[in-house]
1. How compact and how long is segment 18-176, expressed as Rg and Dmax of its alpha-carbon atoms in Å?
2. Cα-Cα over 23 Å: which of LYS266/LYS311; LYS49/LYS308; LYS202/LYS311?
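Taken together, the values in this text are just the output of simple stated rules run on the coordinates, not laboratory data. These numbers were taken from a predicted model, which means no experiment stands behind them.
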Amino acid sequence: MKRLILMCLALLCTAASASDHRESPAIQADPHADLTDFYAFLNPRDSSKLVLVMAVNPFQATVQEGAYHFTPDARYRFNIDNNGDAIADRVIDIRFGAYDTATHKQSYTARINNDISVTGLVTEGTRITREPNPPIITDGPQGIRTFAGTRDDPFFIDTVGVQRTFAGTGRFTATDALAGYNVSAIVIELPLSMVTAPRGTKLGLWASVDRKDNSRSQQAEIEQPATGERGEKFHQIQRLGNPAVKVIFIPDELKDLYNATRPHEKVAMWTNVLVNTLRAPQFSLKESEVQRLAGLFAPDMLHIDLSKPIKFPNGRWLDDDSIDIIFTSNLDTDLPILYRRGELDGVNHNDVPFSNDFPYLAPPHQAP
C-alpha cells in the first residue's frame, strides 16, 4: 500500500500541470506554440469521417478575449502514419495570416496532403457581448470542414486537489481547475479515405508545431529542418501524441529535446528514458508492465484501430477521462487517497458539455 501511494505521489504531482499545458521550460515562454491537447475521433453521426483537434494558447482569461491569436510564424500540423513506421504518410498543415488590427480578422489556410487547400477565417473571442461569437465553419471539397478560433478548454482535472492531497494539506474536491478557461483550437474533419492506406484500419496520429528559423528560440534541434511549401525552413518545437506522457514520464531537463524530435527519431533513447522512469522503486511495477507501458508511449502516437471501438487509448474523444484511464488501469482502485472507488480526482467530465456537431468543442467562456 505504501509503495502504491508513493507511486501516485510521484506520478500525479507531475500531472498537476494539467495535461501538456506549459509542460516544458522553453514552451512556457511561447504560448502560441504550446500544444495543450490533441484529440482524434470519428464524427459521432458519420463514422466515415475523422475528426482531429489540437489546442494551443492555454489559460486564456475571459476578460482578455480578443487578445489571443494564432501566430503567422508557426506551422500547426496534424500528422498521420498509416503503415506503422511512425513517419507521417499524410499531413495537414495550418498556416495563419497576420492579425488585422483594423478589421479584427485573421485568416488561415489548411493544406491537406500537400494537395487540397481550404481557406477560412478565425473565430475571434469577444468581450463586447454576453454571448460568444458564433463559430465560423468553412466547408471545403470532398466533405472537409475546418475551424480555428477560441473555444472552452476541453481538458478536465482537479490539479489543485492533486497538490493538496499529496502535500497533506487537503483532499480532492472534484473541482475542475481548468473550468472557465479558454484555448485557441484548430479542428479538421475529413473523410477517412484521405488518410488511411488501401484496406488499412490502423492509424498513428500526433500533432506538432514548427517555428520558422528566423523566429525560433534557442533549444534542441530535430535532426533535419523541415521545408515548407514557400521554401521556408522550420524547426519543430512541440509535439503531442498521448496525453500527459511528457508531463508524467519525461524528466524536465529532457522535455525540450522531446518536443524537438519526431516519433520515429531517437526511439531507443526515449524508450530507455521511459523504462528507467517506470523502473523506479517507488513505482513498484512488474517488468512486464514496464515494457507494456514503454511500448505504448514510444514511439509516442495516439493510435486508432478502426476495427475496434474508439475510446482512449484507441483514439481519444473529447469526453474521455484519459488521466483516470491511465492511472486506474495500473493502480489499486481501493486506495484511500482516491476521490472515491475507481475515480482519481472526482472530475469525470468537462465543466460545460461538448457538442455532437462540428466543431464539437464547447463555446468559449465569456467575461461576466
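1. Both quantities, over Cα of segment 18-176: 18.0, 56 Å.
2. LYS266/LYS311
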